[in-house]
Amino acid sequence: MAAAPAAGAGAGRGRRSAATVAAWGGWGGRPRPGNILLQLRQGQLTGRGLVRAVQFTESFLTERDKQSKWSGIPQLLLKLYATSHLHSDFIECQNILKEISPLLSMEAMAFVTEDRKLTQETTYPNTYIFDLFGGVDLLVEILMRPTISTRGQKLKISDEMSKDCLSILYNTCVCTEGVTKRLAEKNDFVIFLFTLMTSKKTFLQTATLIEDILGVKKEMIRLDEVPNLSSLVSNFDQQQLANFCRILAVTISEMDTGNDDKHTLLAKNAQQKKSLSLGPSAAEINQAALLSIPGFVERLCKLATRKVSESTGTASFLQELEEWYTWLDNALVLDALMRVANEESEHSQASTVFPTPGTSEENGLPHTSARTQLPQSMKIMHEIMYKLEVLYVLCVLLMGRQRNQVHRMIAEFKLIPGLNNLFDKLIWRKHSASALVLHGHNQNCDCSPDITLKIQFLRLLQSFSDHHENKYLLLNNQELNELSAISLKANIPEVEAVLNTDRSLVCDGKRGLLTRLLQVMKKEPAESSFRFWQARAVESFLRGTTSYADQMFLLKRGLLEHILYCIVDSECKSRDVLQSYFDLLGELMKFNVDAFKRFNKYINTDAKFQVFLKQINSSLVDSNMLVRCVTLSLDRFENQVDMKVAEVLSECRLLAYISQVPTQMSFLFRLINIIHVQTLTQENVSCLNTSLVILMLARRKERLPLYLRLLQRMEHSKKYPGFLLNNFHNLLRFWQQHYLHKDKDSTCLENSSCISFSYWKETVSILLNPDRQSPSALVSYIEEPYMDIDRDFTEE
């Protein structure tokens, strides 16, 4: 028995006899009606048997349609097949598409606006039947006809017809499970879709479909395989480029496996070794491809800093909404936009009769009909959705391999001053009563576009400031002068990066971006989801080599008191926020006598201090960076001869607490006990480094054997001899593997601790010395019966 043509095959097109008989073999030339859908589903999965409407007669489909109510879709597909040959003029084909399209679009609209409790097959039968009878594969073939040459000429199909095909495909993807994944497996089709973006008429439909497909594609697409990528992107207008960023967001981010084990440092190290042998990842290749496009980053910076008044006019935006209701995410967003439009339209009409003084000026809108004037809130939301994607792309590029190149371009094209000018009016604007939110959510929900824009903005600031001298572009000229004055008053050298900052690229206006961020940070409600990101963004400004001037700049603006209020007086419960505040507090206070004086002035009672200690001890994973910074500061202060320092040492509760050996041993024991090689992540590896800092400082004072002996006693008191020290031995072996091959991490350790990396390495080597006679070797404190130090943790 001959095999039926696979889905998508072109053989036998226009004639059914042989293929149909083969497909119907065993049924006596006619399929049993009750089994049709089941057989089609089976054929769809295997590529054999019944796979398309063309394998049935029109009379049979018509007869069956009367019983099953298929809305005539199989018959329409039969006609579509017959009118879409290579030599067809496609006029009739397009007319058929016009008949099919509304049958599916109605269901797609219902799918995204209604509760989806029932199965998709029963709730959305039209799209299900369309796919089941081979409609999806047929549309893919029709769209790709221009890639086939006949008699030396390539076929052309109209933009209007392409739009209909794309709309139908997208609606089917929305309503019918598995269609998007099947399209994602057709790599040649995915690459071909990019070529349809050259036309403005089909751009939006194509971009939306590509975004959905790439979202489920197992392997990341390579942009260097897209024909004429540079020309394609360069010819986009700003509106198209902003929408294209939605696609780029998927293609330049490293794919997340979704497996928690992959986030451990063990797994990441193994993945890095594998990547070195395989070469650059697809995401890295895609980032390089984009950066090679002339003017790409400059255009993104212009989009990110464009004011609402400079954005696309009313007509083109409304045309977008009319043509493709899913241009943002889905119809829910459109519903919200149109609701806002209607509300403001009614307000505008009412104001025409009874004008409110100042209303026109406040809204920036004349009192005209909503048909001709786009509501201001819709224009703002339009711009917010664009900027979300653009900021995300810039943020990813800032964290990529070409970070320095991107940093240089972002500075040159004045992204930071531009964002500073938008801060009050757009990025951190006050919510209006009709601010757009998604269906089923509220203004404070993390899904709100306003909220998402703020978080993306803060993530960008964090990436921009982190260990880079360009961070001073976050200030204005007056604030840079203030940094210089702080250094002069303290009689210390001015920070070289401040001296080297190009003043033509810094923020303008009365306040720089960092100062604006501090202002909103101090006003943020206790339960706000922004607290974490705000603290992270400010902390990144302080990271790296400790700068007294940077710390004093922030201290003078009340940052330390704000952090202590949040930790102690509001008794913050969020672990993420607490961790970010402890990290920021550590960077703000490190080696800074003035900061410890301010701390002691705020924490001025035993009751307050006990609350503070309770917060620290509640989770050392969250607070260990502060413990490390205070420990390092204590060591430095103890070696300084200065009346101001001596006064702080004698009065500060926190320094007195950390100076006690039992306190240090308690921290050390718990830090080692809460981590294991198999559970180390980028988040908790700091616990290992903090424990090493405590021991390095003990080694400086020739007290390392004492600390190891005390750890041994604590083990025995807990009835677990050898457990802690064996674990610590394994952790230090991993430390050597991890840090001795990563320049960036070792530099960060050195800069943040002011301890040379060679001293870090020496201390670890001394601790791992196999000689049991060495008083500073871990093995000297593990009794023979409990020794377990040769475990191969890389294979567990």
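The values are calculated or read from the model by the stated rules, or taken from the named source; none is laboratory data. From a predicted model like this one, the values you see are computed outputs, not experimental measurements. Note that each Cβ is placed from the backbone with ideal geometry, even for glycine, and that neighbours are counted across all protein chains shown. Remember, those area values only see protein heavy atoms, side chains included, never the ligands or the DNA or RNA. Shrake-Rupley method; radii C 1.70, N 1.55, O 1.52, S 1.80 Å.
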For the cross-link pairs Lys218/Lys307; Lys522/Lys614; Lys522/Lys573; Lys510/Lys601, which exceed 28 Å when the distance is taken from alpha carbon to alpha carbon? Lys218/Lys307; Lys510/Lys601
Stokes-Einstein, Kirkwood over Cα pairs, region 660-795, 25 °C, 0.890 mPa s; D in µm²/s equals 162
At 7 Å along the Cα-to-beta-carbon direction for both Thr198 and Ser758, put a label point, then send me their distance in nm to one decimal. 6.1
Estimate the FRET efficiency between Ala497 and Arg713 by the formula 1/(1 + (r/R0)^6), using the beta-carbon distance for r and 41 Å for R0, to the nearest 0.05. 0.30
Shape verdict for region 618-683, please, from the Cα gyration tensor: rounded (a/c under 1.5), prolate (a/b greater than b/c) or oblate. prolate
Rounded accessible area per residue of region 660-795, 1.4 Å, Å²: 46
Any lysines with Cα under 30 Å of the Lys79 Cα? List them, leaving off those in the same chain fewer than 8 positions away. Lys66, Lys69, Lys98, Lys154, Lys156, Lys163, Lys181, Lys186, Lys200, Lys201
Starting from the Cα of Met643, step 7 Å toward the Cβ, then list every residue of region 472-498 with an amide N under 19 Å from that point. 490-491
Under the 0.36 nm per residue contour assumption, what length would be gained going from the current alpha-carbon distance of Asn235 and Ser292 to full extension? 19.0 nm
Compute the distance in nm between two label points, each set 7 Å from the Cα along the Cα-to-Cβ direction, one at Gln405 and one at Thr605. 5.9
Output needed for region 736-782: three equivalent-ellipsoid semi-axes, defined as square roots of 5 times the C-alpha gyration tensor eigenvalues, in descending order, whole Å. 25, 11, 7
What does the charge count around Leu695 come to, taking other residues whose C-beta lies under 13 Å from its C-beta (Lys +1, Arg +1, Asp -1, Glu -1)? +3
Taking 0.36 nm per residue of separation and subtracting the Cα-Cα distance, what length does fully extending Glu225 through Arg636 add? 142.3 nm
Using a 1.4 angstrom probe with every protein chain in place, what is the largest-first accessible-area order of Asp131, Asp594? Asp594, Asp131
Can you send over the solvent-accessible area of Thr747, 1.4 Å probe, protein chains only, in Å² to the nearest 10? 60
Would you mind calculating the relative contact order of region 132-216 from Cα pairs under 8 angstrom and at least 6 residues apart, reporting the percent as a whole number? 28
So how much slack lies between Arg575 and Leu740, counting 0.36 nm per residue of separation and subtracting their Cα-Cα distance, in nm? 56.3 nm
Place a point 7 Å from the Cα of Asn481 along the Cα-to-Cβ direction; which residues of region 508-526 have their backbone N under 20 Å from it? 508-516
For region 524-593, what does the accessible surface come to per residue with a 1.4 Å probe? Please give it in Å². 28
Enter the accessible area of Arg699 (Å², nearest 10), with the probe set to 1.4 Å and all protein chains included. 60
